[in-house]
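Asker: Have a look at the structure that comes next, please.
The values are calculated or read from the model by the stated rules, or taken from the named source; none is laboratory data. Please read these numbers as outputs of a predicted model, since none were measured by experiment. We place every Cβ from the backbone using ideal geometry, glycine too, and count neighbours over all the protein chains shown.
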Amino acid sequence: MAKPVIGIRREDKNIWERRAPIVPEHVAALVREHGVEVLLQKSNLRVIPEADYARAGAQVVEDLSPCCVIFAVKEVPPTLLQKGKTYVFFSHTIKGQAHNMPMLRRMMELGCQLIDYEKLVDEQGRRLVFFGRHAGLAGMIDTLWALGQRLEWEKIPSPFAAVKRAYQYADLGQARTALTEVGRRISAEGLPEALVPFVIGFTGYGHVSKGAQELMECLPTRRISPSELGTLRGGDRQTIYQVEFKEEHMFEPVGTDRPFDLQDYFRHPEGYRSRFEPYLPHLSILVNGIYWEARCPKLVTKDYLKRAYAAAPRQRLKVIGDITCDLEGSIECNVKSMDPGNPVFTYDPLRDAATDGCTGDGPVVLAVDNLPAELPWEASCDFSAALMPFVPEIAKADTAAALDDCGFSEPVRKATILYQGRLTPGYRYLEKHLS
């Protein structure tokens, strides 16, 4: 049997994408322990030097056509797809996203296999390969940077003015050190009276939210429950109040007095509505880390913001860090996607208009859809470690055989959207989006 050959594609979706799906440490294991040949496509953006890959045993090349499998982070442009190959990346197709249907159609025409990291899950449906933690980490840093910028515009001095954007730090350790200094200053000097009580709310409790909340360890915080928000009066200038919202705090069944049922919500989110609005007047920052699709209720609606700002032009809520970044999704005022170099806009609820930057009427919204790219080294290393258990079987699979006989484990089979150019049973619902 010929030695399997895999490729690591360069990322070219935008100038900020510096991540890699497989790092040199794991390339070395593939070459020496699994008999896999690795080709690395040249890139002048990738955070990891090509020399490190070469030392690990990869061949640095321009052409990946000898590869049977190509790994990437982001989508591959339709014009660059090659016949019969297996592609592994975040395809952003599983919700029927219109902008990626041409890519999916082209892969079908070429008889390709498509494996999506997002669908590599365990028996409980929990994701096995993800960047969520790093999205949370970078999103939290950028949210605090946006807060500092907003407060400067409002002429409210604060320690947050010293925070930089995530990509401006050399690494995560340097960012932690900077936030620890912010926390020290808050403990020593206190927050401005105008900000007290200062409350940061987090929606969700998965990898994204946990990553964001991880950085709260750098700051002087006190955890409170959602029910305690209404009891805060004044508060402590040396304390940041941290509150986590779960589904039962955010949603309720429509047209019935029955109690919230989490499993029923997961199965039928369209039968629920948001009950989140009463919490919003108490929050200084909202960090959003929940999964959302069109069937789900919206958390922060344009209508709510319009009513709130019509009644009082200055609200306590300064910044919404929408880490999940679904356009007009759970955060309806997230009306456009930004990038790390220009990560925020201010949403004016009365005009239903967004202006880049931190100035103007309305909340500042962080809306970057590739936040982990701001911490490319750490994100790549952790991602590669999670992916590595699946790489040898994908590399050695016999894709001429039937899907059940090709050598894929159950998680990889379930993550296979296309096989031999056809939608697999779990993804045939995408046919209606392809017509």
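Asker: So is Gly235 surrounded by fewer than 20 Cβ atoms within 10 Å (Cβ to Cβ) and at positive phi or not?
Answerer: yes
Asker: On the given criteria, is Arg150 surrounded by 14 or more Cβ atoms within 10 Å (Cβ to Cβ), within 23 Å of the chain's Cα centre (by Cα) and under 18 Å from Val319 (Cα atoms)? Lay out the reasoning, then the answer.
Answerer: On the way: surrounded by 14 or more Cβ atoms within 10 Å (Cβ to Cβ): yes; within 23 Å of the chain's Cα centre (by Cα): no; under 18 Å from Val319 (Cα atoms): yes.
No: the conditions fail for Arg150.
Asker: Okay, next question. Identify, please: which residue in region 1-31 is hydrophobic (A, V, I, L, M, F, W, C) and part of a helix (DSSP H, G or I) and is, among those, nearest to the chain's Cα centre (by Cα)?
Answerer: Among them, the one singled out is Val27.
Asker: Further, regarding this structure: Report every pair of residues separated by at least 6 positions or lying on different chains whose Cβ atoms are under 8 Å apart, first residue within region 332-348 and assigned to a loop (DSSP other than H, G, I, E, B), second loosely packed, with under 15 Cβ neighbours inside 10 Å.
Answerer: Asn334/Leu327; Asn334/Glu328; Val335/Leu327; Val335/Glu328; Lys336/Leu327; Ser337/Leu327
Asker: Hey, any hits in region 149-156 for a residue that's closer than 25 Å to Pro372 by Cα, in contact (Cβ under 8 Å) with a residue 24 or more places away in the chain, touching a Leu at 6+ places or on another chain (Cβ under 9 Å) and not in a helix (DSSP H, G or I)?
Answerer: Within region 149-156, none of the residues are closer than 25 Å to Pro372 by Cα, in contact (Cβ under 8 Å) with a residue 24 or more places away in the chain, touching a Leu at 6+ places or on another chain (Cβ under 9 Å) and not in a helix (DSSP H, G or I).
Matching residues to (1) on the phi > 0 side of the Ramachandran plot; (2) part of a helix (DSSP H, G or I); (3) surrounded by 16 or more Cβ atoms within 10 Å (Cβ to Cβ); (4) touching a helix residue (DSSP H, G or I) at 6+ places or on another chain (Cβ under 6 Å):
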{"residue": "Glu123", "(1), (2), (3), (4)": "no, no, no, no"}
{"residue": "Ala135", "(1), (2), (3), (4)": "no, yes, yes, yes"}
{"residue": "Met140", "(1), (2), (3), (4)": "no, yes, yes, yes"}
{"residue": "Ala175", "(1), (2), (3), (4)": "no, yes, yes, yes"}
{"residue": "Leu179", "(1), (2), (3), (4)": "no, yes, yes, yes"}
{"residue": "Ala188", "(1), (2), (3), (4)": "no, yes, no, no"}
{"residue": "Leu191", "(1), (2), (3), (4)": "no, no, yes, no"}
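Asker: Against the condition at pLDDT 95 or above, assigned by TED's automatic domain parsing to the domain that holds Ile186 and not charged (D, E, K, R), how does Pro278 come out, does it pass?
Answerer: yes
Asker: Does any residue of region 275-285 turn out to be closer than 26 Å to Leu371 by Cα, among the aromatic types (Phe, Trp, Tyr) and surrounded by fewer than 18 Cβ atoms within 10 Å (Cβ to Cβ)?
Answerer: First, the residues of region 275-285 that are closer than 26 Å to Leu371 by Cα: 276, 280, 283-285.
Now restrict to residues that are among the aromatic types (Phe, Trp, Tyr): 276.
Applying the additional criterion that residues be surrounded by fewer than 18 Cβ atoms within 10 Å (Cβ to Cβ) yields none.
Within region 275-285, not a single residue is closer than 26 Å to Leu371 by Cα, among the aromatic types (Phe, Trp, Tyr) and surrounded by fewer than 18 Cβ atoms within 10 Å (Cβ to Cβ).
Asker: Step by step: first the residues of region 394-435, then only those that are among the charged types (D, E, K, R) and in contact with a strand residue (DSSP E or B) (Cβ under 8 Å, 6 or more places away or on another chain), then the one that is surrounded by the fewest Cβ atoms within 10 Å (Cβ to Cβ). Which residue is that?
Answerer: The extreme case among them is Glu431.
Asker: Filter region 199-244 down to the residues that are among the hydroxyl-bearing types (Ser, Thr, Tyr), under 19 Å from Leu144 (Cβ atoms) and part of a helix (DSSP H, G or I) and list them by number.
Answerer: Listed by number, the list holds a single entry, Ser209.
Asker: Oh, and also: Looking only at residues that are in contact (Cβ under 8 Å) with a residue 60 or more places away in the chain and in a loop (DSSP other than H, G, I, E, B) in region 369-393, which one is surrounded by the most Cβ atoms within 10 Å (Cβ to Cβ)?
Answerer: Leu375
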